[in-house]
1. For the range 208-220, which residues satisfy the criterion of being part of a loop (DSSP other than H, G, I, E, B) and either closer than 21 Å to PHE154 by Cα or not hydroxyl-bearing (Ser, Thr, Tyr) (or both)?
2. So, of the residues in the range 104-126 that are of a type in the set (S, T, N, Q) and not in a loop (DSSP other than H, G, I, E, B), which turns out to be least open to solvent (accessible area, probe 1.4 Å)?
3. From the set of residues in the range 137-185 that are among the acidic types (Asp, Glu) and assigned to a strand (DSSP E or B), which is least open to solvent (accessible area, probe 1.4 Å)?
4. I'm trying to understand the selection: among the residues of the range 127-136, which are of a type in the set (Val, Ile, Thr) and either under 20 Å from LYS245 (Cβ atoms) or open to solvent by 30 Å² or more (accessible area, probe 1.4 Å) (or both)?
5. Could you say which residue among THR24, THR13, THR70 is free of Cβ contacts under 8 Å to residues at least 12 places away in the same chain and either assigned to a loop (DSSP other than H, G, I, E, B) or in contact with a strand residue (DSSP E or B) (Cβ under 7 Å, 6 or more places away or on another chain) (or both)?
6. Can you tell me which residue in the range 188-207 is nearest to ASP6 (Cα to Cα), limited to those that are part of a strand (DSSP E or B) and open to solvent by 10 Å² or more (accessible area, probe 1.4 Å)?
7. Can you confirm whether GLN226 is touching a strand residue (DSSP E or B) at 6+ places or on another chain (Cβ under 8 Å), free of Cβ contacts under 8 Å to residues at least 24 places away in the same chain and not aliphatic (A, V, I, L, M)?
8. Within the range 13-28, can you find the residues that are in contact with a Ser or Thr (Cβ under 8 Å, 6 or more places away or on another chain) and surrounded by 12 or more Cβ atoms within 10 Å (Cβ to Cβ)?
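The values are calculated or read from the model by the stated rules, or taken from the named source; none is laboratory data. Just so it is clear, the model here is predicted, and its values are computed rather than measured. Glycine also receives a Cβ, built like all others from the backbone with ideal geometry; neighbour counts cover every protein chain displayed. Just so you know, the surface numbers come from the protein's heavy atoms only, side chains and all, with ligands and any DNA or RNA stripped out. Shrake-Rupley method; radii C 1.70, N 1.55, O 1.52, S 1.80 Å.
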Amino acid sequence: MADRLDRSSYELTFEDSFRAELDTSRWLPYHLPQWSSRAQSAARFTTGADGLRLRIEADQEPWCPDLDGTTRVSNLQTGVFSGPVGSTSGQHRFHPEAVVREEQPEQRLYTPHLGLIELSARATDDPDAMVALWLIGFEDEPHRAGEICVAEIFGRDVTEDGARVGMGVHPFGDPSLVDDFAQVPLDLDARELHTYSAEWTPDQVRFYVDDEPVRVVEQSPAYPMQLMLGIYDFSEPGSSAAYPKEFPVQAVRGWTPMASS
């Protein structure tokens, strides 16, 4: 297992603590809008002294009901593009019947390749919710479609004594990758503030929680990726689910490897 996280070879190049209004030069407040629309997939959130709170509210509509059922999402992402309406070109084509419904102009707000990506946040213990920070391939070429999951936490897996935290790599449309993902049991209260980190090198991805090494994946997506930060609600219609569901985020940071001297 790797040693404790060492940031000395990195330069901080992206940091957002969400204390002011959302910086739309960094974040797009939608969830994969090409497969739905910006209106249908718009995030609900607040920013301020306590940081970001992504929210799912009782009157929020499913983001793509015919292909993703009742799933509701509030997500921020750092890039987007699509082909024309009716095409299959765009990031993270999550369903085989998905086609572009609203064409998106290309925006690469933050699309790192290699480095260190960190999330400081509190998870929820709501059994119908999940929170996550992922990196997905920008997919300017179709095979550049892998995913690095920095942290994925289902509320049903959170107690005061521990949590299972998902982390790893998914290939999706990248034939050079294989699926290597695990829900790692950790002795922490994920409802409290913790920092989840993925150190992305040319050969592997190393995962840390509060700077302690947790997992290593011996492969590496070889192209730029965008950030996807969100809360998901899987409640069934007519259920007694509690609202709002919230994902409090203190900060997201990106570090770039320093050039060798």
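1. Of all residues in the range 208-220, those part of a loop (DSSP other than H, G, I, E, B) come to 210-211, 218-220.
Matches in the range 208-220: ASP210, ASP211, GLU218, GLN219.
2. Restricting attention to the range 104-126, the residues satisfying the condition of being of a type in the set (S, T, N, Q) are 104, 107, 111, 120, 124.
Going one step further and asking which of them are not in a loop (DSSP other than H, G, I, E, B), we end up with 107, 120.
On the way: GLN107: 50, SER120: 3 Å².
In this case the residue turns out to be SER120.
3. Step one: list which residues in the range 137-185 are among the acidic types (Asp, Glu), which gives 139-141, 147, 152, 157, 160-161, 174, 179-180.
Filter once more, keeping what is assigned to a strand (DSSP E or B): 147, 152, 180.
Values: GLU147: 8, GLU152: 26, ASP180: 46 Å².
Result: GLU147.
4. Step one: list which residues in the range 127-136 are of a type in the set (Val, Ile, Thr), which gives 131, 136.
Hit for the range 127-136 is VAL131, nothing else.
5. Details: THR13 fails: free of Cβ contacts under 8 Å to residues at least 12 places away in the same chain; THR70 fails: free of Cβ contacts under 8 Å to residues at least 12 places away in the same chain.
The conditions single out THR24.
6. Taking the range 188-207 as the starting set, the residues that turn out to be part of a strand (DSSP E or B) are 194-200, 205-207.
Within this subset, residues satisfying the condition of being open to solvent by 10 Å² or more (accessible area, probe 1.4 Å) are 194-195, 199, 206.
Working: HIS194: 17, THR195: 14, GLU199: 10, ARG206: 12 Å.
So, considering only residues that are part of a strand (DSSP E or B) and open to solvent by 10 Å² or more (accessible area, probe 1.4 Å), the one nearest to ASP6 (Cα to Cα) is GLU199.
7. Values: touching a strand residue (DSSP E or B) at 6+ places or on another chain (Cβ under 8 Å): yes; free of Cβ contacts under 8 Å to residues at least 24 places away in the same chain: no; not aliphatic (A, V, I, L, M): yes.
No.
8. Taking the range 13-28 as the starting set, the residues that turn out to be in contact with a Ser or Thr (Cβ under 8 Å, 6 or more places away or on another chain) are 13, 18-22, 26-28.
Matches in the range 13-28: THR13, PHE18, ARG19, LEU22, ARG26, TRP27, LEU28.
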